[in-house]
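The values are calculated or read from the model by the stated rules, or taken from the named source; none is laboratory data. What you see is a predicted model; the values in this text were computed from it and never measured. Cβ atoms come from the backbone with ideal geometry, glycine included; neighbour counts cover every protein chain shown.
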Amino acid sequence: MDQLYTATIRLYVLAARAAAVRSEKVRRMIHGQKQTVSLLKEKAPEGGYDLWVHAASLGEFEQARPLIERLKRERPDMSILLTFYSPSGYEVRKNYAMADTVAYLPFDTPGRVRAFLNAARPKMAIFVKYEFWGNFLGQLHKRGVPTYIIDAIFRPGQIFFRPWGGPMRGILHKYTHLFVQDEASRELLSKIGLENVTVAGDTRFDRVTDIMRSTVEFPLIEKWKGNRQVLIAGSSWGPDEACYVPYINSHPELLTIIAPHEFDEHRLARLQASLTAPSILFSQAEKDGFIPEGTRTVIIDSFGKLSSLYRYGDMALIGGGFGVGIHNINEAAVYGMPVIFGPKHYKFKEAADLIACGGGYEYTDAQSLASILDRFTHDPQALRQAGEAAGSYIKKSLGSTDLIYSGIFGKA
C-alpha cells in the first residue's frame, strides 16, 4: 500500500495510544486488538474461516446482520469471523451466536495485517459501508481472496473523487465487487473506472422489517401507554436533549420514552434531574413489575430494546444529528411513524428520502422542534399522514439482502 497512507495510519495508532490515557473506550479497543491474533490462532478452523465480515460498529453490524443470518440458515456449516473496530459494536455483540468468532480488527499497518490474515485465513471477505482499509484490502487482493463491500454509499466530496485521490482510488479497485445504495454512487464510481458495481440498496430496511415482524412486546410499556401519545427519543445525546427536554417539561400530557446513546450512572442521573415530571429507569420498572401512576418518562438503560420499543411510539426523535450524524431512523420509520432528527444527516440517503416523501422532519433548535411536535400532537391527520409516508417508504425499499446474497453466493 502507498507509503504515505501507511505513515498516516501509524500516526493514527500513536494518537489512539495517547487518547487511551484518558479514554476507557479507546483503552478497551487497544486491549482487545492485542488479543485478536492469539484468539484467532486458538479458534480458527483448520482451513481458515469460510467468511470474514467486518463492521466498524453496531450500526454497520445491523446492516450485515440480515446477510449473516440468511447464510447461517441456508449454509449452516459456513464458518464466519465477525470483527469490529469500535467497542460500541464489539461489547454489545461479542457473544453473537451466528458468528463462530467475534474479535476486534487490528490497526491497518502491514505487520498487523499479515498477522491477522495468517491467523484467520479467510476464504472470502465482506466489508460494510465505509470500510476502506488499504493494507487489509491490498493483502486480501494479493492473496486472491474475493472481497466485497456492501451498503456502500459515495459522495462527490470524498477523497476518491478528488484530483489528489489516486492512492485512495486504488483501494477501491481491490474490491471484487461493490454493492452500493444508490445510482448516484454507481455513477461516481463509473467516472473513476469502476464498473464492477451493483445498486442493491440498503440492507437495514430488511433488518428493521425483520425486527418489526418479530413482535417482541413489553407489557409494562403497553399498559403504561394506554391510549396516550408517546414520543420516543432514540439514541439521544446531550445536544438532542437540550432541545427536547424543555418541550416535554412544558407538555406533561405527552409521554416520553428516552433511550440515551450512552447511559452511565452519572449521565442517567443528570438526565433524570433535568425532567420536571416523574420518570423511571426501565430496569427499575422491570424489577418492580410496574410503572408508577403519574410517571411521564421511561428511560431505557440497557442495550437491545430500543428497536422493538419503537412499536409503542407515535412519533420518534432520533439522536446524533448535532454530532457525527444521525442514528438509525429506519428502526422507527418501519412502525409507520414520522421521524424527526437534527441537521447533520447529509450522509444518510434515507434521511433525504424520508424528508422528500413527508415521513421525515429536520429540526435545528428547540424552537423548530417545538413547531414540529406541536403539529403532530395537535393534528391527528398530519400525524397519520406522516406516519403512513414513513412506513410506505420502508416497504418500497426492501430486497437488498436478496440482491447481495445472490450476487455473492448465487441463488439458494
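Between residues in region 306-332 that are of a type in the set (Asp, Glu) and residues that are at pLDDT 95 or above and part of a loop (DSSP other than H, G, I, E, B), which pairs lie under 7 Å by C-beta distance while being six or more apart or on different chains? From region 306-332, the pairs are Asp314/Gln229; Asp314/Met337. Is it the case that Leu189 is buried (at least 20 other Cβ atoms within 10 Å of the Cβ) and touching a Ser or Thr at 6+ places or on another chain (Cβ under 6 Å)? No, not satisfied. Number of residues in region 135-168 that are in contact (Cβ under 8 Å) with a residue 24 or more places away in the chain and over 29 Å from Phe205 (Cα atoms) equals 8.
For region 108-117, the count of residues that are over 21 Å from Ile30 (Cα atoms) and assigned by TED's automatic domain parsing to the domain that holds Gly170 is zero.
For Ala389, are the conditions met, namely being in a loop (DSSP other than H, G, I, E, B) and either modelled with pLDDT under 95 or more than 16 Å from Gln229 (Cα to Cα) (or both)? Break it down stepwise before answering.
Working: in a loop (DSSP other than H, G, I, E, B): no; either modelled with pLDDT under 95 or more than 16 Å from Gln229 (Cα to Cα) (or both): yes.
For Ala389, the condition - in a loop (DSSP other than H, G, I, E, B) and either modelled with pLDDT under 95 or more than 16 Å from Gln229 (Cα to Cα) (or both) - is not met.
Flag set for Ala370, criterion: over 29 Å from Asp202 (Cα atoms), in contact with a helix residue (DSSP H, G or I) (Cβ under 7 Å, 6 or more places away or on another chain), outside the structural domain of Arg70 (by TED's automatic domain parsing) and surrounded by 15 or more Cβ atoms within 10 Å (Cβ to Cβ). Of the set (1) buried (at least 16 other Cβ atoms within 10 Å of the Cβ); (2) within 23 Å of Val128 (Cβ to Cβ); (3) of a type in the set (Lys, Arg), all apply to Arg311 but (2). The number of residues in region 347-360 that are in contact (Cβ under 8 Å) with a residue 24 or more places away in the chain and either among the basic types (Lys, Arg) or more than 22 Å from Glu241 (Cβ to Cβ) (or both) comes to 8. Step by step: first the residues of region 295-332, then only those that are in a loop (DSSP other than H, G, I, E, B) and in contact with a Lys or Arg (Cβ under 8 Å, 6 or more places away or on another chain), then the one that is nearest to Arg207 (Cα to Cα). Which residue is that? Here the residue is Asn328.
Considering only residues in region 235-254 that are of a type in the set (A, V, I, L, M, F, W, C) and within 16 Å of Gly323 (Cα to Cα), the one that is surrounded by the most Cβ atoms within 10 Å (Cβ to Cβ) turns out to be Cys243.
Here is a check on your reading of the model: is Gly32 at pLDDT 95 or above, crowded, with 18+ Cβ neighbours inside 10 Å and not hydroxyl-bearing (Ser, Thr, Tyr)? Against the criterion (at pLDDT 95 or above, crowded, with 18+ Cβ neighbours inside 10 Å and not hydroxyl-bearing (Ser, Thr, Tyr)), Gly32 does not qualify. Considered as a group, the residues in region 129-146 that are of a type in the set (A, V, I, L, M) and in a helix (DSSP H, G or I) include one that is nearest to Tyr175 (Cα to Cα), and that residue is Leu137.
Only residues that are touching a residue at least 24 places away in the same chain (Cβ under 8 Å) and of a type outside the set (Phe, Trp, Tyr): list them for region 218-228, please. It would help to see each step written out before you state the result.
Quick first cut of region 218-228, residues touching a residue at least 24 places away in the same chain (Cβ under 8 Å) only: 218, 220-225, 228.
Residues satisfying the conditions are Leu220, Ile221, Glu222, Lys223, Lys225, Arg228.
Annotation: of all residues in region 333-377 being part of a loop (DSSP other than H, G, I, E, B) and among the hydrophobic types (A, V, I, L, M, F, W, C), the one that is farthest from Gly313 (Cα to Cα) is Phe348.
Just give me the residues in region 234-287 being hydrophobic (A, V, I, L, M, F, W, C), over 14 Å from Val298 (Cα atoms) and under 22 Å from the mean Cα position of the chain (by Cα), in sequence order.
Just the residues of region 234-287 that are hydrophobic (A, V, I, L, M, F, W, C), to begin with: 237, 242-243, 245, 248, 254-255, 257-259, 263, 268-269, 271, 273, 275, 277, 280-282, 285.
In the following step, the residues that additionally are over 14 Å from Val298 (Cα atoms) were identified as 237, 242-243.
The one that is hydrophobic (A, V, I, L, M, F, W, C), over 14 Å from Val298 (Cα atoms) and under 22 Å from the mean Cα position of the chain (by Cα): Trp237.
Note on region 242-261: residues that are assigned to a helix (DSSP H, G or I) and in contact (Cβ under 8 Å) with a residue 24 or more places away in the chain amount to 8.
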